[in-house]
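The values are calculated or read from the model by the stated rules, or taken from the named source; none is laboratory data. Note that the structure is a prediction, hence the values are computed from the model and not measured. Using ideal geometry, Cβ is built from the backbone for each residue, glycine included, and neighbour counts are taken over all protein chains shown.
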Amino acid sequence: MEFKFDVSDIFPCSIVEINPSLIPPGFAGDRRGLTNVVAKVAEVVNAMGDASAAAQGLSNPITTAERLRKADQTVYLLLDREAKGGKGVVTGMLKTGKKSLYVFDRDGQHHHVSPPCVLDFYVHESRQRTGLGKQLFEHMLKKESVEPAKLAIDRPSEKLLSFMTKHYGLEAPMRQMNNYVVFDGFFPEVGSADVNGDTPENGTKQAANGLQTYTGPLGRYGAPRPPCSMGQIIHNQSSIQSTETAGPQIASQ
Ligand SMILES: CC(=O)SCCNC(=O)CCNC(=O)[C@H](O)C(C)(C)COP(=O)(O)OP(=O)(O)OC[C@H]1O[C@@H](n2cnc3c(N)ncnc32)[C@H](O)[C@@H]1OP(=O)(O)O
């Protein structure tokens, strides 16, 4: 995707990470330069978010600069810095972030997890199926030190499911009520150190990696029931407590 300004001037390498500050890596200008560059980064993020939404048939973009500013998420941008006579084009975008989720495994056991998630992923139509998606995804895996099977994916398209099968051998997605998908390997093996934890009275099992297995009653959307007795409410004892964020997200964003 082309922009009216030179993207190769703003972004110093072929894959850049954009965090909520919207300041590109390596920026070393004055205050006015900063305002200018942040506006350009916002324009790129918004344009890639719009293109991704259009490619997925969504009426609203999942990725916008405004949303990124408010969330603890990362947008990775892939560039061809040599294209257009050195002006550069943006060829791909991948957004990740941690989410507090309830997910169930193949045995129907519910878990409360805060995994790294793939939230939005797009490669420009003119460059799809040329390996750029894999290049961007591999970069993210390395930066976030995560294995593909440990990711949760928000509303994956058929193309992305095919991508996960082709490149990482991940098949038979476990589709969740919140529209996320996880694969075998997401949950720790039974008997591994990860699932050995205390079982407190509230029916949750706290694992070493923060994964909680919930064995109590489930409420709407398959989530554990909120505190129901006055005693629980007064003493702020919910049925389950997140290790990562205040409230688990049932619906995707
Ligand atoms: C959480 C989410 O973001 S869900 C939404 C994911 N994004 C989209 O569906 C938007 C449109 N698609 C795309 O932007 C891209 O195709 C991506 C991001 C899914 C993959 O990026 P690419 O650069 O095409 O991937 P890459 O070239 O590394 O790998 C190719 C593989 O991806 C899958 N794939 C890519 N395009 C397609 C397609 N049109 N139809 C089916 N599978 C596809 C296939 O497995 C393909 O392998 P193959 O060509 O041997 O069949």
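Results, tabulated for the structure shown:
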read-out: Unmet criterion (only one of (1) closer than 21 Å to Gly131 by Cβ; (2) over 17 Å from the mean Cα position of the chain (by Cα)) for Phe27; value: (1)
read-out: All positions within the stretch 112-138 that are more than 18 Å from Ala152 (Cβ to Cβ), buried (at least 17 other Cβ atoms within 10 Å of the Cβ) and more than 8 Å from the ligand (Cβ to nearest atom); value: none
read-out: Qualifying helices (runs of 4 or more DSSP H) (wholly inside the stretch 1-83; at least 2 residues being within 16 Å of the ligand (Cβ to nearest atom)); value: 31-56, 65-70
read-out: Subset of the stretch 10-55 [among the basic types (Lys, Arg) and at pLDDT 95 or above]; value: Lys40
read-out: Count of residues meeting criterion [within 12 Å of the ligand (Cβ to nearest atom) and either surrounded by fewer than 21 Cβ atoms within 10 Å (Cβ to Cβ) or touching a residue at least 60 places away in the same chain (Cβ under 8 Å) (or both)] in the stretch 149-170; value: 15
